[in-house]
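Below is one structure, written out as structure tokens; the observations come after it.
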Amino acid sequence: MRGSVDGILGTKEEISRERKPNSSSTRTKKWVKRREMWLVILGVLLHAVYMLSIFDIYFKSPIVHGMDLVSPRFKSPPAKRLVLLIADGLRADKFFEPDLETGQYRASFLRSVIKEKGRWGVSHARPPTESRPGHVAIIAGFYEDPSAVTKGWKANPVEFDSVFNRSRHTFAYGSPDIIPIFCSDIPHTTWNSYPHEFEDFATDASFLDEWSFDEFKSLLNRSNHDPELKKLLQQDNLVVFLHLLGCDSNGHAHRPYSNIYLNNVKVVDSIAKRMYDLVEDYFKDNQTAYIFTADHGMSDKGSHGDGHPANTDTPLVAWGAGVQQPKRSSRGRYSDDGFRFVDEHVHHMPTPLDWGISGIDRVDVNQADIAPLMSTLLGLPCPANSVGNLPLGYINLDEREEVEAALANTKQVLNQFLRKSQLKQSTSLRFKPFKALENHSSVLEQIEALISVGNYEEAMKLSQNLRTLSLEGLHYFQTYDWLMLMSVITLGYVGWMICLVLHVLQSYTSFSGSINQMLQLRNNRSQVYICGFLVMAVIFVLLFVECSPPLYHVYTAMTIFLWTQIFSEYRFLKLLWKDLSSSNFVFSMKLLATSAVSVVILEFLVNSFTDRKLYTYCFLIVGVLAAIYLFYAIPGRSAVPVFILVSCWFLSTFTLMPAEIPDNTPLVIASGLIISGVALAVRCFDLTTGGSKYWQCILNCEDQKPMSTLLFYLQVFLVGLSSVMVLVTTTHRTEKKELLMLHQLINWSVAGVSMVLPLFSPTSLLSRLTSIFLGFAPPFLLLSIGYEAVFYGALALVLMAWILFECAILYLTKARTSSYIKDARHEQEERWLQLSDLRVPIIFMVLFNVAFFGTGNFASIASFEISSVYRFITIFSPFLMSGLLIFKLFIPFMLVICVFSAITKLIGVSRLGCYFLVILSSDVMTIHFFFLVRNTGSWMEIGNTISHFGIMSAQVVFVLMLFALTNIYTKDIHIGSRRSSSQKAL
């Protein structure tokens, strides 16, 4: 009969036997360590490979080459040259609305253009609303090739066509992060950019815009003395591009509602006016078209990236040669036609009254529509991979030329579809065509016939319908391999999880038996391996014949390998089934209940990614339940239940706060006092509660040495100094002063020294963890801008509550006998994992995920607040700034993992065994997120679901890396003598 103290699948007697020394114990440890190493390597490799699958499924490059270009059939192009002005980071509302103080409109020149010379609208950007994707959409006509995500900001990581490529010559001036992307590899360009050092967030960046204008002005002046340059400038099909970075830099540094940002709007308007006057005065032929727009907007907290209207709504103003004159608005007669832009804005949205131009016809576009607009104005073919729809409302053409322009746009999209269809058919053993376009040739002939007889209205309808079907066809071939890939990846994850369960059972539970027995069970597996190899070979041949990408072979090989490993354990699986079927009813119900509760908690965590308030309810309930349990379990009066209740309730408030953290410097400074107060309270507990039988395992039972006391107060001093530096550096920035080199040196020194000091702290569990808490507080405070600094202290209180809860359970459970608690002679040994130990990885998963959202929405690009790093650096450096932001986000995770490691030592179980259970739990969530990934709806929703999948997939590497890093701090932790506590208990 199964004993009262169960291992995951073993009995009390088996647990007792593990303590008996035997000749195979050393061999068992070596065998387990070898399996652990290979399983960790396999897990890292598998998750890295499977995480790449989202690039093949959802982030597959839309670019194809080899299509014929289609030029519009014009007698002469509407414009001889085009000037493109892109104000980086300019919000539509800040551009159009009046100034609250003066009541005057900021963009006076461009408003006069809207009223007297050209057309206007809102350009709707698609997330990610970042500079590179926005410029690619405007200049190349498609939404950033997702495969470029893995290559950062490298210029043209994937070759794509653009308006600049099609032009006779392009002149471009602006940021070193944008101009080289589009111009460095094109021979027919003249370009220049300022040094990176100019991008200093501590200054007013509007001078960068003036620099771009001055560069072009000097070019025109130089042409008066350079006949070749003069001749070049007089040719047709020229593009002039000015990238105006000021609004973006000032928005990041000072927020889009600041006077510096709003004044920068006036600067770009002034540059547009001066550019217009300069060009018209130089060429004097009225053959220049002008387009003014922005790549993305800016949120109120000075960031961008997501799909909020503040980031996706950008201004668009066009005027000059080939552009229609303003029209009176008749928008009130329109009804909702169901059309939605890429950012989910409905067509014909009303214009805000305070913009003062609601009476003038507004023509909104998708950002990618600007590329075919520019190409058509110059009479050039649209960029080869453009998916933009030509906005006819901007172009001044006769009826026939309008149809010809729309037809050229349609043929360009259709050619992409035909090329993709051809490529897929040439490699597929069983090709499934897109049936809706099987008769595309006859439709084209019909359109040509309608044009020839002058039926332009019907020809336009057919052309636009054909273009819509072509876009659907592009999507069809973009998702052609989805079913196969998703099936392979899902089977791979399931196989990996089964392998983890088998490893845990064989290595960390009483079911493992002796090493000789395990090796005997693993013999005679050659037939399984041969079958697996044959299956893999057949599938490889099929994939090779279909010219599948190399990663398809890797996905398949990984999945087949995992299932081959599972089937090779068929003897162990038989024994496992036999043991489970012979278990008593109580144990079976306990196993089922534990599994069900674990899955429910993991599903709760999945839902928490979209609703952070769930954590609030969770900690409110858990705080009450844990307090009630300990109140009745611990005899006599104890403040621990109250402490656990208060700490859980305190932490529950943070997931009610906005993901976009508002600035609150006084709160950050006050957090330094809170952190110091928490550390002092824990130290008092450490020094005054040594006689308690419940806490002896975590307290410092030895007398405090003077050096350790000095170290503690030194760490508290560094926390206070970091709070002072928060005040000093923030004051300098708000007064528009540069960050002094002395301030930077102090901040870097305080952050660096404080993280080294915990290595010299006492090795008792509570003393070392307190020192780690104080060690990471200064860098976290210096990187904080608001309530996340208080979150750091609240999280530490809950982690302390977890330690006290585990310590009380350790004393209260039946496992306090010698079979459970190791005496001093066996202190380095680890006991078998038990079913009840699953609570440790599950609690870890909850706290680890809370750390994800305590400092903002980790899954949203826009939640990364760049001003967090201004106390360390203000000169624009994307890699260093990103590194500091990521480090800040890592700090709460490191606290959680340090406590997790300490608890595994406290209860005497294998940390790696618990790590594998953590990965098993995270992969349950990963599979769920994999199926939650969407390919319909707004791009923001699709992007968020992919982010969630990526975050969970990366946890095997992420957690392992943090385990290795925190092991530097936790490996020396010494658990107080269990012999004394055990004797008191008896």
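Taken over the alpha carbons of the stretch 157-225 as equal point scatterers, the Debye sum produces base-10 log I(q)/I(0) values at 0.20 Å⁻¹ of -0.90. Amide hydrogen proximity for residue 289: with H placed 1.01 Å from N in the peptide plane, the residues at 5 or more positions away or on another chain lying under 5 Å are 80, 81, 82, 83, 321. A simple rule links phi to the HN-Hα coupling: the Karplus curve 6.51 cos²θ - 1.76 cosθ + 1.60 with θ = phi - 60°, which for the stretch 530-547 gives 5, 4, x, 5, 5, 4, 4, 5, 4, 5, 4, 4, 4, 5, 5, 4, 7, 6 Hz, with x for Gly and Pro. Anisotropy class assigned to the stretch 753-808 is oblate, per the alpha carbon gyration tensor with a/c at or over the 1.5 cut-off and a/b no larger than b/c.
Full extension of the chain segment joining residue 813 with residue 620 gains 66.9 nm, where the gain is 0.36 nm per residue of separation less the Cα-Cα distance. Checking every one of the chymotrypsin sites (Phe, Trp or Tyr not before Pro) in the stretch 230-264 against DSSP loop status and a limit of 16 other Cβ atoms within 10 Å picks out 257. Along the Cα-to-C-beta direction of residue 259, a point sits 7 Å from the Cα; which residues of the stretch 75-107 have their amide N less than 15 Å from that point? Inside the label zone: 99-103.
The modelled label-to-label distance between residue 429 and residue 597, using points 7 Å beyond Cα along the C-beta direction, is 5.0 nm. With the simple model of a label 7 Å out from the Cα in the direction of the Cβ, residue 629 to residue 73 spans 7.9 nm.
Amide H contacts of residue 171: 190, 239, 240, 241, each under 5 Å away and 5 or more positions distant or on a separate chain (H built 1.01 Å from N in the peptide plane; Pro and chain starts excluded). Remark: the residue 422-residue 396 segment gains 5.7 nm on full extension, using 0.36 nm per residue and subtracting the alpha carbon distance.
Seen from residue 80, the other residues with C-beta closer than 9 Å to its C-beta sum to a net charge of -1, counting Lys and Arg as +1 and Asp and Glu as -1. A cut-off of 5 Å between modelled amide H atoms, ignoring neighbours fewer than 5 places along the same chain, links residue 395 with 324.
Listed cross-link partners 117/411; 60/411; 94/888 are compared with a 28 Å cut-off, the Cα-Cα value being larger for 117/411; 94/888. With all protein chains kept in place, the per residue accessible area of the stretch 193-317 amounts to 34 square angstrom at a probe of 1.4 angstrom. Among the trypsin sites (Lys or Arg not before Pro) in the stretch 417-446, those placed in a DSSP loop whose Cβ has at most 16 other Cβ atoms within 10 Å are 430.
Write out the trypsin sites (Lys or Arg not before Pro) in the stretch 266-308 meeting two conditions: DSSP loop, and at most 15 other Cβ atoms within 10 Å of their Cβ. Those that pass, being in a loop and sparsely packed, are 284.
The packing ranking of peptides 67-80, 447-460, highest mean first, is 67-80, 447-460, where packing means the average number of other beta carbon atoms within 10 angstrom of each residue.
In order along the stretch 792-801, the Karplus-derived 3J(HN,Hα) couplings, from 6.51 cos²θ - 1.76 cosθ + 1.60 at θ = phi - 60°, round to 4, x, 5, 4, 4, 5, 5, 5, 5, 4 Hz, and Gly and Pro are given as x.
Modelled label positions at residue 475 and residue 639, each set 7 Å beyond Cα in the direction of Cβ, lie 6.2 nm from each other. When the accessible area of the stretch 234-289 is split by element with a 1.4 Å probe, what percent falls to carbon and sulfur? That fraction is 47 percent. The residue 448 and residue 104 beta-carbon pair, evaluated with R₀ = 56 Å, returns a calculated FRET efficiency of approximately 0.60. In order along the stretch 45-55, the Karplus-derived 3J(HN,Hα) couplings, from 6.51 cos²θ - 1.76 cosθ + 1.60 at θ = phi - 60°, round to 5, 4, 5, 5, 5, 5, 5, 5, 4, 5, 6 Hz, and Gly and Pro are given as x. Rounded to the nearest 20 debye, the dipole size of the stretch 251-393 about its Cα centre is 280 debye, using +1 on the Cβ of Lys and Arg and -1 on the Cβ of Asp and Glu. By definition, a body whose alpha carbon gyration tensor gives a ≥ b ≥ c is prolate when a/c is 1.5 or more and a/b is larger than b/c, and the stretch 206-303 fits this prolate description. Extension gain for residue 731 to residue 349 (0.36 nm times residue separation, less C-alpha to C-alpha distance): 133.3 nm. When the stretch 389-440 is described by a simple charge dipole with +1 on each Lys and Arg Cβ and -1 on each Asp and Glu Cβ, the residue from 410, 391, 423 located farthest towards its positive end is 423.
Cβ under 14 Å from residue 492's Cβ, residue 492 left aside: what net charge do those residues give with Lys, Arg +1 and Asp, Glu -1? In short, -2.
The values are calculated or read from the model by the stated rules, or taken from the named source; none is laboratory data. Just so it is clear, the model here is predicted, and its values are computed rather than measured. Virtual Cβ from ideal backbone geometry, glycine too; neighbours counted across all protein chains shown. Quick note on the areas: whole protein, heavy atoms, side chains included, nothing else; ligands and nucleic acids left out. Shrake-Rupley method; radii C 1.70, N 1.55, O 1.52, S 1.80 Å.
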